[in-house]
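> Below is one structure. I have some questions about it.
The values are calculated or read from the model by the stated rules, or taken from the named source; none is laboratory data. All figures in this text were calculated on a predicted structure; none of them were measured in a lab. Cβ: placed from backbone, ideal geometry, glycine included. Neighbour counts: every protein chain shown.
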Amino acid sequence: MKPQGICPVCNGTCRIPAGDSPYKKMFAGYDAATDTLRCDNCGGQTMESHCTGKVNLRADGTPCKHEYVGVKTGNCYHTYTCKHCGDVYSIDSGD
């Protein structure tokens, strides 16, 4: 396992502000009580949608704010790799 630090997007809370979208109540992971969504930097972007509040460290030792590059690896299967820390996850869209 790679060294990890606190997610710089949610500061370890696993939640981010939902913003002003009129559709936010339809977003997966929306919590009306706190008007927040799951963090999509520390796990909310994966098929399991399990946030951890932690991310891999970049080469300079700072926690990563991911920038993923996607590759189609199957008919409906895509693999995403962060260009800074190498974090990888896959999504099966089932289209």
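> Against the conditions (1) of a type in the set (V, I, T); (2) under 16 Å from K65 (Cβ atoms); (3) over 17 Å from the mean Cα position of the chain (by Cα), where does V9 fall short? Just the number, please.
Result: V9 passes all but (3).
> Moving on. Report whether or not I16 is out of contact with any Gly (no Cβ under 7 Å at 6 or more places or on another chain) and of a type in the set (A, V, I, L, M, F, W, C). Lay out the reasoning, then the answer.
Details: out of contact with any Gly (no Cβ under 7 Å at 6 or more places or on another chain): yes; of a type in the set (A, V, I, L, M, F, W, C): yes.
For I16, the condition - out of contact with any Gly (no Cβ under 7 Å at 6 or more places or on another chain) and of a type in the set (A, V, I, L, M, F, W, C) - is met.
> Sticking with this structure for a sec: Would the range 59-71 turn up any residue that is closer than 18 Å to I6 by Cα, in contact with a Gly (Cβ under 8 Å, 6 or more places away or on another chain) and of a type in the set (A, V, I, L, M)?
The answer is no, given that none of the residues of the range 59-71 is closer than 18 Å to I6 by Cα, in contact with a Gly (Cβ under 8 Å, 6 or more places away or on another chain) and of a type in the set (A, V, I, L, M).
> Tally the residues that are touching a Leu at 6+ places or on another chain (Cβ under 9 Å) and either among the hydroxyl-bearing types (S, T, Y) or at pLDDT below 95 (or both), restricting the search to the range 41-81. Break it down into steps so the answer makes sense when it comes.
As a first pass, look at the range 41-81 and keep what is touching a Leu at 6+ places or on another chain (Cβ under 9 Å): 44, 63-64.
Remaining after also requiring either among the hydroxyl-bearing types (S, T, Y) or at pLDDT below 95 (or both): 44.
Of the residues in that region, 1 qualify.
> Next question. Out of G29, G44, G53, I need the residue that is within 18 Å of K2 (Cα to Cα), in contact with a strand residue (DSSP E or B) (Cβ under 8 Å, 6 or more places away or on another chain) and not acidic (D, E). Which one?
Values: G29 fails: within 18 Å of K2 (Cα to Cα); G44 fails: within 18 Å of K2 (Cα to Cα).
Matching residue, one of G29, G44, G53: G53.
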